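Where a number appears in this text, it was derived from the coordinates with a stated rule and is not lab data. Just so we're clear, the structure is a prediction, and the values are computed from it rather than from any experiment. Neighbour counts are summed over all protein chains in view; Cβ atoms, including those assigned to glycine, are modelled from backbone coordinates with ideal geometry.
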């Protein structure tokens, strides 16, 4: 079986996210995986993901960094805790905080590459630094702090 | 004529943003306006804007705060510079940096209210603090720093 990304290992109930859920038919369905010590997601924006003409809108860039961050957190947490990913046993993270710096306009058209560096895995918290590039030029950088979803999620109101 | 938001005053070329462009048929088409000293945007997420089941995905929250911030920046800049908005003369801002703190899961279903406070208008830069609420409970807060789009935008490569 060809594994496309960490998102393929989430439980069904955690697979509906607009950004990264494999079961959200209208969503972005990003896939995140290790490449060496970094995590990587690639995504080609659609023509309507416009900001000003010719450029990608900032909300998509934030969304990609956000969901890349939660996926990267799962990868890092699994590695740090010696969890062998199989079936749908991937621990699920949600974002606690997100920062994005828009360095230059991101051209709309080329595939975007989001790369992550794991800064910290501490208990149930993971910090990921990310960069987003188009045609090998960094257009945005970001940081996300993510938190492991509690076991009883869905019972909290 | 009923004016729905500052986004109705952008030039045609600045009205295609996925988050706030009135001409982006697939986009969110948010509308931002003053309510007293604060700026307000209201938006009801669609069913597919899911994160974990029952909650709004973080990328949409970031997008709403982002585009609410650029709209608020235009409103604040126009006020500070005594610009009377008419036709399509609204100055256009883009995001330089975005921070979002996810305080609690945002329920999917109710209308969301994003409120902005103008922290600073300095030259071509505006800083806006934002909060996002569902059913009068704050679910996320954020800050955006936005920059006035240069006159020659589109000629820069």
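Placing the label point 7 Å from Cα along the Cα-to-Cβ direction, what are the distances from residue B:48 to the equivalent spots in the other copies, shortest first, in nm to one decimal?
Inter-copy label distances (nm, one decimal, shortest first): 0.9.
Just round it to a whole percent: the fraction of Cα-Cα distances in the protein assembly as shown exceeding 35 Å.
Values: 8426 of 49141 pairs.
When every Cα pair of the protein assembly as shown is considered, 17 percent fall beyond 35 Å.
Angle between the Cα long axis of helix A:58-80 and the longest principal axis of chain A, 0 to 90 degrees, nearest 10?
30 degrees
Can you tell me which of B:59-72, A:95-108 comes out highest on packing, and rank the rest after it, using the mean Cβ neighbours within 10 Å? List each step's numbers first, then the result.
Numbers: B:59-72: 29.4, A:95-108: 20.9.
Going from most to least packed, we get B:59-72, A:95-108.
Normalized C-alpha radius of gyration of the stretch B:108-157, against 2.2 N^0.38 Å? Working shown, then result.
On the way: Rg = 15.3 Å, N = 50, 2.2 N^0.38 = 9.7 Å.
Relative to the 2.2 N^0.38 Å estimate, the stretch B:108-157 comes out at 1.57.
How well do other chains shield peptide A:44-51, expressed as the mean number of their Cβ atoms within 10 Å of each residue Cβ?
5
Could you work out the helix-only [θ] at 222 nm for the protein assembly as shown, with each DSSP H run of four or more residues adding -39,500 (n - 2.57) and the total divided by the number of residues, to the nearest 500 deg cm²/dmol? Could the numbers behind the result be given before it?
Values: 2 runs with 46 residues, N = 314.
Value at 222 nm, helices only: -5000 deg cm²/dmol.
Give me the inter-chain shielding for B:59-69: mean count of other chain Cβ atoms within 10 Å, whole number please.
Working: counts 17, 6, 6, 11, 8, 1, 3, 10, 4, 0, 1.
Mean shielding count: 6.
Computed FRET efficiency, Cβ-Cβ of residue B:151 and residue A:35, R0 41 Å: what is it to the nearest 0.05?
Working: r = 41 Å, r/R0 = 1.00.
The value I calculate is 0.50.
In B, who owns the beta-carbon nearest the axis carrying B over to A, and how many Å from it?
Whole-Å result, nearest residue of chain B to the axis: B:62, 2.
Sort out for me the Cα centre separation of the stretch A:49-106 from the stretch B:1-72, rounded to whole Å.
Going from one Cα centre to the other spans 22 Å.
Every other copy gets compared here: list the nm distances from the residue B:109 label point (7 Å along Cα to Cβ) to its counterparts, shortest first, one decimal.
4.5
What does the average come to when, for each residue of peptide B:86-98, you count the partner chain Cβ atoms lying within 10 Å of its Cβ? Walk me through the intermediate numbers first.
Details: counts 0, 0, 0, 0, 0, 0, 1, 0, 7, 10, 5, 9, 12.
Going residue by residue through B:86-98 and averaging, the value is 3.
Placing the label point 7 Å from Cα along the Cα-to-Cβ direction, what are the distances from residue A:87 to the equivalent spots in the other copies, shortest first, in nm to one decimal?
6.7
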